[in-house]
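Please treat every number below as a calculation from the coordinates, not as lab data. Small disclaimer: the values here were computed from a predicted structure and weren't measured. Quick reminder, even Gly has a Cβ in these numbers, built from the backbone with ideal geometry, and neighbours come from all protein chains shown.
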């Protein structure tokens, strides 16, 4: 049956219209958040009952942003979150990929059993181990520049180290590594490459997609951390952004400042995503098996 | 040689000059008000004044967001990381004392003799905490509304009866001027329900738990009085007097001011903003449903951590902070009720003839502290769920019976929470 160009255009138009409407549903909360961050509370609350909530109309100013910075050390919280998240993501990619490399390519006794145990940890909710983990980290030693300390509470390390290795990231790497052509690994070994050289010269350059995926997932988990920092960090100087959100919920909630704060803490997430999206596409374009 | 002597002299002089500072023992303090600029400013001023007023102690503060403060303290208690001075919400205090987070204040209770009862945290016969302010709720209304609807203005001596209150709601509803007659703040299902609504239950003659033993809720929460309360409570929603649990969160801030409601059940922390927006606002006492008119009592208070090695220093600070000038500063700053009559006279809102003086009287005359038991933290949640369910149409008797079972099971599983 011949395609009628007019019908094709109409169908294309309808399809894009539906897609745009669906996209709007997802983008509306963000639009509401950003627009509301510029409105005074009285107007923000009044606008919620109309489409004005999604439009930058009325009394628009940066007052909520100034208010947010007065109410909480926003820069410090963002810096803490970026630092903790960045360090955890980098260390996680290294440690988990090494573990996965061992599970995928090395032959050692108990490997399959241990991999099963690692994967089984996926079904354990963090909340169930939060208290035992708290008790553990509160007693662990640490050697710093000023000597030996007992207890990791109120530090960056307590927010980073327990989160470096996790079953999901290891599992992602294992699955990806197993799908790589075995001939590449065998050829490298035949030509005299050590396992370490295979890891960083052969496997990792081919692992762009899984690195990007694991990094995005880990970033989101770490940047959204709430319960763990809440119970292990009592000093403001180490608090991350999600715990900082609580600064804005007083008896009289300043909703405009809440929206301004949320907008500000969304910036690093969007930036990271946009940066990694490019890396993700580049990694797909530059990797592959040459025939 | 001369240089050495000079150096030695400088070192000795420096040591002598620094001696008072070095002698100060450090006390740590946790506070729930992170993000509250005014509270933080006043509290920092008190700490600064205390630290310079004597040479024995120096207090450092760490502020936490209010919503997560209790969780942070519970976690720190587990990890053995509590500070010397703890800020504690009044109704939660017995739980913290029972759990071993707090120790009794090493201060004679007579030092706080003129404090409002709700500002003193007493558990098991011992004073554990003292508040620098008190909170109260009232029925917000416009004088013009009362006049238009032909309603008597209730007073502390002669509050509205149940019939008068319902007649007022009926009149407001019949006027057709309001979307709803009454705003209860139903969206806030945290501790607001037990703080704001359990006094209605108590005014009916019931309670969340049997206060004579604190070992059961049987009879208190599901007896005849409680059943009557439950049916009345449900009628507020089935009768269309008040919005239900899906009420717009913005209503407590804008609903009454914007004219959506004729009456609003709200706290004095909203009073200043409401006065600024509504010229003829009046704050009315709670209705009397038969067993006296009641409102909740007890706000944030200061106590000494059980782990503190320096309870005497922590007590010194609490006594210092409880001076009238600071109580008045907090009241002027955040609008809450100063806990002593002398401090009230120093404030702009609560002095005799002040626009909010009525709240001090309400607090003095009507206030009833929430159940003084470690189990309250659970009971409040159970009570909140029961009230939300009833508001949403659940069977009153079944819901209250289920709530009693849940509360009793919790009391039993905790060995009676230490009540003898």
Fill in: Most fluctuating residue given options A:128, A:85, A:263, as computed from a GNM of chain A linking Cα atoms under 10 Å
A:128
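Restricting the count to DSSP beta bridges whose residues both fall in chain B, what percent are antiparallel, rounded to a multiple of 5? Each step should come with its number before you reach the end.
Numbers: 22 of 38 bridges.
Here the share of antiparallel DSSP bridges comes out near 60 percent.
Using a 10 Å cut-off around each Cβ of peptide A:233-243, what is the average number of partner chain Cβ atoms that fall inside?
Numbers: counts 2, 12, 1, 4, 1, 0, 3, 0, 0, 1, 6.
Across the residues of A:233-243, the mean count of other-chain Cβ atoms within 10 Å is 3.
I need the per residue convex hull volume for chain B, using only the alpha carbons, in cubic angstrom as a whole number. Please list the in-between numbers first.
Working: hull volume 65.0 nm³, N = 420.
Value for chain B: 155 Å³ per residue.
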Fill in: Helix-only CD estimate at 222 nm, as mean residue ellipticity for chain A, using -39500 (n - 2.57) per DSSP H run (n ≥ 4)
-20500 deg cm²/dmol
Worksheet, complete the sentence: Check: C-alpha center region B:29-69 vs C-alpha center region A:238-271, spacing in Å is 22
Worksheet item: For region B:363-398 and region A:1-72, what is the separation of their Cα centres, given in Å?
Response: 40
Discussion item. Between residue A:94 and residue B:155, what is the label-point separation in nm under the 7 Å Cα-to-beta-carbon projection?
Written reply: 7.8
Worksheet item: Any idea what angle helix B:357-366 forms with the longest principal axis of chain B, computed on alpha-carbon atoms, 0 to 90 degrees, nearest 10?
Response: 80
Worksheet entry | At R0 = 41 Å, FRET efficiency that the Cβ-Cβ distance of residue B:109 and residue A:70 yields, to 0.05 | 0.55
Discussion item. Which of the three applies to chain A, rounded, prolate or oblate, going by the alpha-carbon gyration tensor with a ≥ b ≥ c and a/c under 1.5 meaning rounded?
Written reply: oblate
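Kindly identify the protein assembly as shown as rounded, prolate or oblate by the Cα gyration tensor criterion: order the square roots of the eigenvalues as a ≥ b ≥ c, call it rounded if a/c is under 1.5, otherwise compare a/b with b/c, prolate if a/b is larger, else oblate. Spell out each step's value before the answer.
Working: a/c = 1.91, a/b = 1.33, b/c = 1.43.
It comes out oblate by the Cα gyration axes.
What percent does the relative contact order of region A:72-248 come to when contacts are Cα pairs within less than 8 Å and at least six residues apart? Numbers along the way, then the final one.
Numbers: 166 pairs, mean separation 68.8, N = 177.
Relative contact order for region A:72-248 comes out at 39 percent.
Taking every residue in B:77-89, how many Cβ atoms of other protein chains lie within 10 Å of its Cβ, on average? Show your work: numbers first, answer last.
Working: counts 0, 5, 12, 5, 7, 1, 1, 0, 0, 0, 0, 0, 0.
Going residue by residue through B:77-89 and averaging, the value is 2.
Taking the mean number of other Cβ atoms within 10 Å as a proxy for protection, how do you rank B:23-31, A:111-119 from highest to lowest? Don't skip to the end; give the middle numbers.
Values: B:23-31: 17.7, A:111-119: 13.3.
Ranked from most to least packed, the peptides come out as B:23-31, A:111-119.
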Worksheet item: Where does each of A:222, A:33, B:166 land when they are ranked from fewest to most other beta-carbon atoms within 10 angstrom?
Response: A:33, B:166, A:222
Item to complete: Give me the angle, in degrees from 0 to 90, between the Cα long axis of helix B:396-413 and the longest principal axis of the Cα atoms of chain B, rounded to the nearest 10.
Response: 30
Worksheet item: What is the Cα centroid distance between region B:103-161 and region B:292-353, reported in whole angstrom?
Response: 13
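Based on the alpha-carbon gyration tensor of region B:205-342 and its eigenvalue square roots a ≥ b ≥ c, which shape applies: rounded if a/c is under 1.5, prolate if not and a/b is larger than b/c, or oblate? Kindly include the intermediate steps, with their values, before the conclusion.
Working: a/c = 2.49, a/b = 1.27, b/c = 1.97.
It is oblate, given that a/c is not under 1.5 and a/b is not larger than b/c.
Would you list A:261, A:16, B:241 from fewest to most Cβ contacts within 10 Å? If you can, show how the numbers build up before the last one.
On the way: A:261 28, A:16 11, B:241 20.
Ordered by Cβ neighbours within 10 Å, fewest first: A:16, B:241, A:261.
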Worksheet entry | Hypothetical label at residue B:323: residues of region B:266-308 whose amide nitrogen lies under 19 Å (7 Å Cα-Cβ projection) | B:302
Worksheet item: What ranking do B:194-206, A:131-143 get when scored by the average of other Cβ atoms within 10 Å per residue, highest first?
Response: B:194-206, A:131-143
Item to complete: Based on other C-beta atoms within 10 Å, arrange A:90, B:336, A:270, B:102 from fewest to most.
Response: A:270, A:90, B:102, B:336
Discussion item. Can you show me the helix-derived [θ] at 222 nm for chain B, built from DSSP H runs with n ≥ 4 at -39,500 (n - 2.57) apiece and divided by the number of residues, rounded to the nearest 500.
Written reply: -13000 deg cm²/dmol
Worksheet, complete the sentence: Tilt, helix B:37-53 to longest principal axis of chain B (alpha-carbon atoms), in degrees rounded to tens, equals 30
Discussion item. Please compute the average number of Cβ atoms from other chains found within 10 Å of each residue's Cβ in peptide B:249-255.
Written reply: 4
